[in-house]
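The block underneath contains the structure these notes are about, expressed in structure tokens.
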Amino acid sequence: MRFLIGCVIMMGVICTGKSFAMHRASSVEKPLVVILMGPPAAGKGTQATALTDYLGLPHISTGDLFRENIRNQTPVGKTAKAYIDQGKLVPDQVTIDMLFARISHPDCQHGYILDGFPRTVEQARTFHQRLEAQAAKVECVVLNLNADDAELVERITGRMICKGCSKPYHKHYSPPQQEGVCDACGGDLYQRDDDTAAVFTKRLEVYRVQTAPLISYYQSKGLLKQIPSKNSSDQVFQEVIHALPHTPALAEK
Ligand code: AMP
């Protein structure tokens, strides 16, 4: 009998120890939020796609979410289209509500990769405040991809995107194996309406005025890492990986 009671006590100690260790591990490994910033055509989509494969975290592009809403003719899509066609930013509140609806999905519980959000200091403030209000503790890293203007125009005019999975291609630098067809999912490739030189000039101006101030905002918070993006996408990806915070999950990669 004494032996039996001893065993029960031992099991209790082991179990308590184990659950403590598990609790500790889960509290140490906070969800990872990677924010990819940079001017239009800096390569955010390409790096986000590669990071999704590498980290197993979903790629959340507010531009893609808007385009999906436009295709489905939702109220958000109708509001967004007028702004997107002119190269302007969609109002902050519409953007933030759409983003929070997406990151509340279960696939985001271990983190996510943000591509094209935030794009204003107000969006950034509201994003972090709302996460805090939800007591959502996340590990956040902001990667700023930079390239010069001439290179951006060259990239944008040759860019093609997959209708199915949004994978980006370039006519000269990263063409698909079969013209007009996505290597990854077999979807049709298309050129975005706002990837014309005229709309692009407007998008670049909007970037400089409304989005670039985020660089000093995140610098002052000690979260920003600069990534030069003039090299090949593979070289840029190596830099991106080096800039990620060291977490036990990443150490296994
Ligand atoms: P992108 O695919 O990231 O280049 O976004 C395409 C367009 O969607 C932008 O030019 C904006 O009009 C709109 N958009 C995307 N993300 C945001 C955002 N965070 N805030 C406001 N507008 C956005």
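Note on the stretch 227-238: residues that are surrounded by fewer than 13 Cβ atoms within 10 Å (Cβ to Cβ) and assigned to a loop (DSSP other than H, G, I, E, B) amount to 1.
Within the stretch 124-160, restricting attention to residues that are without any contact (Cβ under 8 Å) to a residue 40 or more places away in the chain and buried (at least 21 other Cβ atoms within 10 Å of the Cβ), the residue that is nearest to the ligand (Cβ to nearest atom) is Phe127. Give the number of residues within the stretch 71-86 that are away from the ligand (no atom under 11 Å from the Cβ) and assigned to a loop (DSSP other than H, G, I, E, B). Summing the residues that are away from the ligand (no atom under 11 Å from the Cβ) and assigned to a loop (DSSP other than H, G, I, E, B) in the stretch 71-86 gives 3. Here are Ala150, Ala135: which of them is among the aliphatic types (A, V, I, L, M), assigned to a loop (DSSP other than H, G, I, E, B) and more than 17 Å from the chain's Cα centre (by Cα)? That would be Ala135, the only listed residue that is among the aliphatic types (A, V, I, L, M), assigned to a loop (DSSP other than H, G, I, E, B) and more than 17 Å from the chain's Cα centre (by Cα). Can you pull out the residues in the stretch 33-50 that are of a type in the set (A, V, I, L, M, F, W, C) and either modelled with pLDDT of 95 or more or crowded, with 22+ Cβ neighbours inside 10 Å (or both)? Within the stretch 33-50, Val33, Val34, Ile35, Leu36, Met37, Ala41, Ala42, Ala48 qualify.
The residue of the stretch 187-226 that is surrounded by the fewest Cβ atoms within 10 Å (Cβ to Cβ), among those that are assigned to a loop (DSSP other than H, G, I, E, B) and among the basic types (Lys, Arg), is Lys221.
The values are calculated or read from the model by the stated rules, or taken from the named source; none is laboratory data. Because the structure is a prediction, the values reported are computed rather than measured. No Cβ is skipped: glycine too gets one built from the backbone with ideal geometry, and neighbour counts run over all protein chains shown.
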